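The values are calculated or read from the model by the stated rules, or taken from the named source; none is laboratory data. From a predicted model like this one, the values you see are computed outputs, not experimental measurements. Because the Cβ atoms are built from the backbone with ideal geometry, glycine has one as well, and the counts that use them run over all protein chains shown. For accessibility, only protein heavy atoms count, side chains too; no ligands or nucleic acids. Shrake-Rupley method; radii C 1.70, N 1.55, O 1.52, S 1.80 Å.
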Amino acid sequence: MTLTTYSLLDAAKLLQETRNAIKGGLKRAPLADVTPAGANAAAGLTRDNILVITGSRGGTDYAFYNLRPLRPLPAMPEIEEIATADLPKKAYHQGFLLHAARVKRFLAGRRPDIIVGHSLGAASAQILGAHFEVPTIGLASPQVVKRRYLAPAALRAGSHRQWNVFNMAWRKDFVTRGYRELGLRCLGHRVVVDTNAPNFGIDHFVSQYEDLIVTALDQQLVGLPRAWPDASFAQPTRLA
């Protein structure tokens, strides 16, 4: 059965449940396929055809992808397939675009029904969600596209839809704020959540976002959907 909607809490649970298996290249339930251990981008495809993309696996990933927004791109057909007239290659944070292209290579022509991602994985999830036009949930989502390419005129002339993409960030999560200073923005909807949840560490881990979603839903926080897509989000939403 083709999935058409997915709950935010289930997305967080799935990311937490599969992250170690994906990083280790292990095909454990519910994963039907996974990138090999040590692959350049860590992702898995579930038996329900959900693409799960993990965050950075350590300092090497962070240095290679997150901290090099202007890095030269290699010649990859997947990059050319992702790029469009309104969002060309130069519109993207180059490290995030490269990561998304490598995840697309893992898919080998398969089209997921749902995409979920965390942190670096949420960057790729945005890009691939817009590319495949499938429901996408990103947690702790960094900004991925230069602001000037998201002007209303460019969106009206766009060759793809991106509003199937939902991004959630915690206001206390400083990791999600730095890319804005580079003039970057998220694709699709972005909602920044601020609750009375405890504040420990860097507030960026999947487990913390899982707890945050539980707290936010319990508080019936206005503006946060329980599942995605949500018909009440009829227009692009940029709260931060």
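Other residues with beta-carbon under 11 Å from the beta-carbon of A42 carry, at +1 per Lys or Arg and -1 per Asp or Glu, a net charge of +3. Per residue, the accessible area of the chain comes to 45 Å² when a 1.4 Å probe rolls over the protein heavy atoms.
Rg over Rh of the chain, using C-alpha atoms and the Kirkwood radius, what does it come to?
Numbers: Rg = 16.3 Å, Rh = 17.5 Å.
Checking Rg against Rh, the ratio lands at 0.93.
Reachable aspartates and glutamates from K172, Cα under 14 Å, same-chain residues fewer than 8 places away excluded? Within reach: D194, D203, D211. A crude spin-label estimate for the pair E81 and L182, with each label 7 Å from Cα along the Cβ direction, gives 2.5 nm.
Could you look at the chain and say what percent of its accessible area is carbon and sulfur, using a 1.4 Å probe and all protein chains? Carbon with sulfur: 53 percent of the solvent-accessible area. Rounded to the nearest 500, the helix-only mean residue ellipticity at 222 nm of the chain stands at -8500 deg cm²/dmol, with each DSSP H run of n ≥ 4 adding -39,500 (n - 2.57). Within the shell of other residues whose beta carbon sits under 14 angstrom from the beta carbon of A108, the net charge comes to +2, with Lys and Arg scored +1 and Asp and Glu -1. Computed from phi, the 3J(HN,Hα) profile of segment 52-64 under the Karplus parametrisation 6.51, -1.76, 1.60 (θ = phi - 60°) reads 10, 10, 7, x, 4, 8, x, x, 5, 4, 4, 5, 6 Hz, with x in place of Gly and Pro. For segment 30-77, the alpha carbon convex hull comes to 107 Å³ per residue, rounded to a whole number.
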